[in-house]
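Note sheet for the following structure.
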Amino acid sequence: MKKVLAIILGGGAGTRLYPLTKLRAKPAVPVAGKYRLIDIPVSNCINSEIYKIYVLTQFNSTSLNRHIARTYNFTGFNEGFVEVLAAQQTPENPNWFQGTADAVRQYLWQLEEWDAEDYLILSGDHLYRMDYRQFIQRHKETNADITLSVIPIDKSRASDFGLMKIDQSGRVIDFSEKPKGEALDKMQVDTTVLGLSPDQAELQPYIASMGIYVFKKDVLIKLLKESLERTDFGKEIIPDASKDYNVQAYLFDDYWEDIGTIDAFYHANLALTKQPLPPFSFYDEEAPIYTRARYLPPSKLLNCTVTESIIGEGCILKDCRIQHSVLGVRSRIESGCVIEESLLMGADFYQPFVERQCNLDKGNIPVGIGTDTIIRRAIVDKNARIGHDVKIINKDNVQEAERENQGFYIRSGIIVVMKNAVIPDGTII
């Protein structure tokens with residue numbers, strides 16, 4: 001693994017996750033109460049003994065830079081690092097990143113400095129646990145120029161993904177981007193070739209790209225330098241390369257979720273509360289997910305009813321009911337509140353008691369959730385100030401709405417209260 005260099009793509013503007021990406025890059029979006037999305041691929045790398053990690057970013061990268069700097073500090077006795085490479089304009093290239101491949105192309109001069117044999121290309125907005133050592137071992141065994149990590153899927157979901165066909169050796173021979181109808185039927189493959197049982201193969205006759213690739217160093221450099229007009233790995237570089245290079249598929253038959261939309265993000269977070277077997281677990285001691293150590297006090301629950309929920313560190317909950325929800329660090333919920341099927345991201349700081357009391361005395365709203373408030377099927381971003389007797393319940397069953405001037409959006413029927421938003425007392429949404 002010492003000869004592998006990992007490159008995590010920070011993604012574009014994150015419009016599908018807006019407004020969570022209004023003030024932060026996609027990989028910096030909080031997840032599971034205390035982590036950020038970037039922690040997933042970085043932790044997978046560390047657990048796979050890959051310690052040279054670059055993160056390529058372009059949009060709203062301040063909070064991501066801060067998180068990485070505060071979280072991932074390797075000792076001075078090895079060459080390990082997690083470093084941000086932000087988009088920049090140079091005399092040679094005055095353009096910002098134009099796509100996934102172009103982002104890597106613009107930093108080839110930096111990547112080539114390392115004594116690496118393979119480049120591992122990862123995405124910053126997926127939820128999964130993967131041992132990249134097995135992935136790279138398959139890459140070596142097949143003498144592949146490029147290896148793609150793929151998941152088996154059934155027909156109902158297949159048209160939402162980029163699909164591929166393989167031959168009997170596992171070599172990729174054809175690609176199709178989100179095919180439908182007859183084109184979809186043509187993309188069926190025998191997935192027993194990749195290790196599925198005959199029964200599984202019959203249920204899941206399609207394979208979809210996860211957006212995770214490993215390239216031989218010289219192959220990646222050659223492909224990027226000879227085709228400057230091709231800016232995307234999944235749509236251009238890799239499909240074109242399959243004609244002349246050995247492109248192999250590696251089957252990942254475990255939980256993987258692309259949480260690039262509000263709907264997917266919301267459901268992936270709430271799924272973590274399931275027992276005894278959530279689809280993804282943060283409780284694996286052999287492959288932990290790392291994040292920033294905040295040294296927060298334990299959470300305090302005063303006469304509360306909590307069912308099927310995750311409560312982050314440093315929370316203060318008073319005489320409230322929490323059901324099937326995820327509460328982030330420093331969440332503060334006052335008496336009489338009901339939180340159902342919601343994701344609260346918490347706060348970046350504590351307000352001193354005197355300041356909170358002064359706010360209340362002056363009719364201002366302190367950070368947290370005020371008394372007798374009901375929140376149902378919502379995402380509440382960090383540092384939100386929600387007054388007392390507020391109802392965030394989507395009373396009109398609206399599917400899509402943009403109310404930024406009022407501090408919230410509605411996406412797929414899910415209310416998203418924006419970071420730092422103020423929701424006045426008595427508001428009904």
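Some points to look at:
- Scanning the stretch 323-336 finds one or more residues that are more than 17 Å from I393 (Cα to Cα), surrounded by fewer than 19 Cβ atoms within 10 Å (Cβ to Cβ) and touching a strand residue (DSSP E or B) at 6+ places or on another chain (Cβ under 9 Å).
- Checked against (1) surrounded by fewer than 16 Cβ atoms within 10 Å (Cβ to Cβ); (2) in contact with a strand residue (DSSP E or B) (Cβ under 8 Å, 6 or more places away or on another chain); (3) at pLDDT below 90, E229 meets all criteria but (2).
- Flag: K243 matches the condition of being of a type outside the set (F, W, Y) and farther than 18 Å from L9 by Cβ.
- Those residues of the stretch 48-61 which are open to solvent by 30 Å² or more (accessible area, probe 1.4 Å) and not in a loop (DSSP other than H, G, I, E, B), in sequence order: K52
- Among the residues listed as T142, T147, the single one being more than 30 Å from Q98 (Cβ to Cβ), open to solvent by less than 50 Å² (accessible area, probe 1.4 Å) and modelled with pLDDT of 90 or more: T142
- D102 being over 19 Å from the mean Cα position of the chain (by Cα) and either at pLDDT 85 or above or open to solvent by less than 30 Å² (accessible area, probe 1.4 Å) (or both): yes
- Against the test of being open to solvent by less than 10 Å² (accessible area, probe 1.4 Å) and modelled with pLDDT of 90 or more, the options F215, F252 yield a single qualifying residue, F215.
- Selection from the stretch 398-422 of residues that are loosely packed, with under 12 Cβ neighbours inside 10 Å and either modelled with pLDDT under 95 or not in a loop (DSSP other than H, G, I, E, B) (or both): E400, N405
Residues checked against (1) in contact with a helix residue (DSSP H, G or I) (Cβ under 8 Å, 6 or more places away or on another chain); (2) more than 19 Å from A293 (Cβ to Cβ); (3) at pLDDT 95 or above:
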{"site": "L23", "(1), (2), (3)": "yes, yes, no"}
{"site": "G33", "(1), (2), (3)": "no, no, no"}
{"site": "T57", "(1), (2), (3)": "yes, yes, no"}
{"site": "T62", "(1), (2), (3)": "no, yes, no"}
{"site": "H67", "(1), (2), (3)": "yes, no, no"}
{"site": "T71", "(1), (2), (3)": "yes, no, no"}
{"site": "E79", "(1), (2), (3)": "no, yes, no"}
{"site": "V84", "(1), (2), (3)": "yes, yes, no"}
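- Looking only at the stretch 33-46, and only at residues there that are outside any helix (DSSP H, G or I) and open to solvent by less than 10 Å² (accessible area, probe 1.4 Å), the one that is farthest from Y107 (Cα to Cα): L37
- Per-region count, the stretch 353-388, residues β-branched (V, I, T), open to solvent by 30 Å² or more (accessible area, probe 1.4 Å) and either modelled with pLDDT under 95 or in a strand (DSSP E or B) (or both): 2
- Contact map, the stretch 97-122: residues that are farther than 13 Å from L85 by Cα paired with residues that are modelled with pLDDT under 85 and among the basic types (K, R), Cβ distance under 8 Å, separation 6+ or inter-chain. Pairs shown: A101/R230.
- Check on R133, part of a helix (DSSP H, G or I) and crowded, with 18+ Cβ neighbours inside 10 Å: no
- Residue match in the stretch 340-349 (condition: polar (S, T, N, Q), out of contact with any Gly (no Cβ under 8 Å at 6 or more places or on another chain), open to solvent by less than 30 Å² (accessible area, probe 1.4 Å) and within 23 Å of V31 (Cα to Cα)): yes
- Checking each residue in the stretch 253-280 for being of a type in the set (S, T, Y), touching a residue at least 60 places away in the same chain (Cβ under 8 Å) and over 20 Å from G11 (Cβ atoms) picks out only Y255.
- Subset of the stretch 269-299 [among the charged types (D, E, K, R) and more than 26 Å from R377 (Cβ to Cβ)]: D284, E285, E286, R292, R294
The values are calculated or read from the model by the stated rules, or taken from the named source; none is laboratory data. All values reported here derive from a predicted model rather than from experimental measurement. Neighbour counts are summed over all protein chains in view; Cβ atoms, including those assigned to glycine, are modelled from backbone coordinates with ideal geometry. Just the protein is used for accessible areas: all its heavy atoms, side chains included, with ligands, DNA and RNA removed. Shrake-Rupley method; radii C 1.70, N 1.55, O 1.52, S 1.80 Å.
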